[in-house]
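The values are calculated or read from the model by the stated rules, or taken from the named source; none is laboratory data. Please read these numbers as outputs of a predicted model, since none were measured by experiment. Cβ placement follows ideal geometry from the backbone for every residue including glycine, while neighbour counts extend to all protein chains displayed.
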């Protein structure tokens, strides 16, 4: 297991970095039949990291948080939920309306493709 802990936001360069470390572990320690997995732990999310990880099944992304004296690691879903919970009621309503518009648009797009 290779863990890359980033102090701030990670970038797509982080994916290359952890792949290099994983390659070294595979070659020098795990051997031909050994399995090597990686975890990137970052403070915040970067779109480029998500795109870079699309075809990489053995690297997962997590986020770190400090609450008081406690250090925790959360999944992307938990981080999204935290962000939503911080929204004001007005911001939540705007988000819901934007999501509805996107769903309606996708529905129309799917219908037009099937005709």
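Results for (1) modelled with pLDDT under 85; (2) touching a strand residue (DSSP E or B) at 6+ places or on another chain (Cβ under 8 Å), shown as yes or no for each residue.
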| site | (1), (2) |
| --- | --- |
| 4 | no, yes |
| 44 | yes, yes |
| 61 | no, yes |
| 76 | yes, yes |
| 98 | yes, no |
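Of these, 18, 73, 39, which one is within 17 Å of residue 2 (Cβ to Cβ) and in contact (Cβ under 8 Å) with a residue 40 or more places away in the chain? Break it down stepwise before answering.
Numbers: 73 fails: in contact (Cβ under 8 Å) with a residue 40 or more places away in the chain; 39 fails: in contact (Cβ under 8 Å) with a residue 40 or more places away in the chain.
Residue meeting the stated conditions: 18.
Looking only at segment 29-43, how many residues end up being assigned to a loop (DSSP other than H, G, I, E, B) and surrounded by 13 or more Cβ atoms within 10 Å (Cβ to Cβ)?
Let us first name the residues in segment 29-43 that are assigned to a loop (DSSP other than H, G, I, E, B), namely 31-37, 43.
Narrowing the set further to residues that are surrounded by 13 or more Cβ atoms within 10 Å (Cβ to Cβ) leaves 36-37, 43.
Adding up the residues that qualify gives 3.
Consider segment 47-84 and keep the residues that are closer than 25 Å to residue 22 by Cβ and exposed (fewer than 10 other Cβ atoms within 10 Å of the Cβ). The one that is farthest from the chain's Cα centre (by Cα) is 71.
When segment 52-76 is filtered for residues that are over 20 Å from residue 15 (Cβ atoms) and not in a strand (DSSP E or B), the ones remaining, listed by number, are 68, 69.
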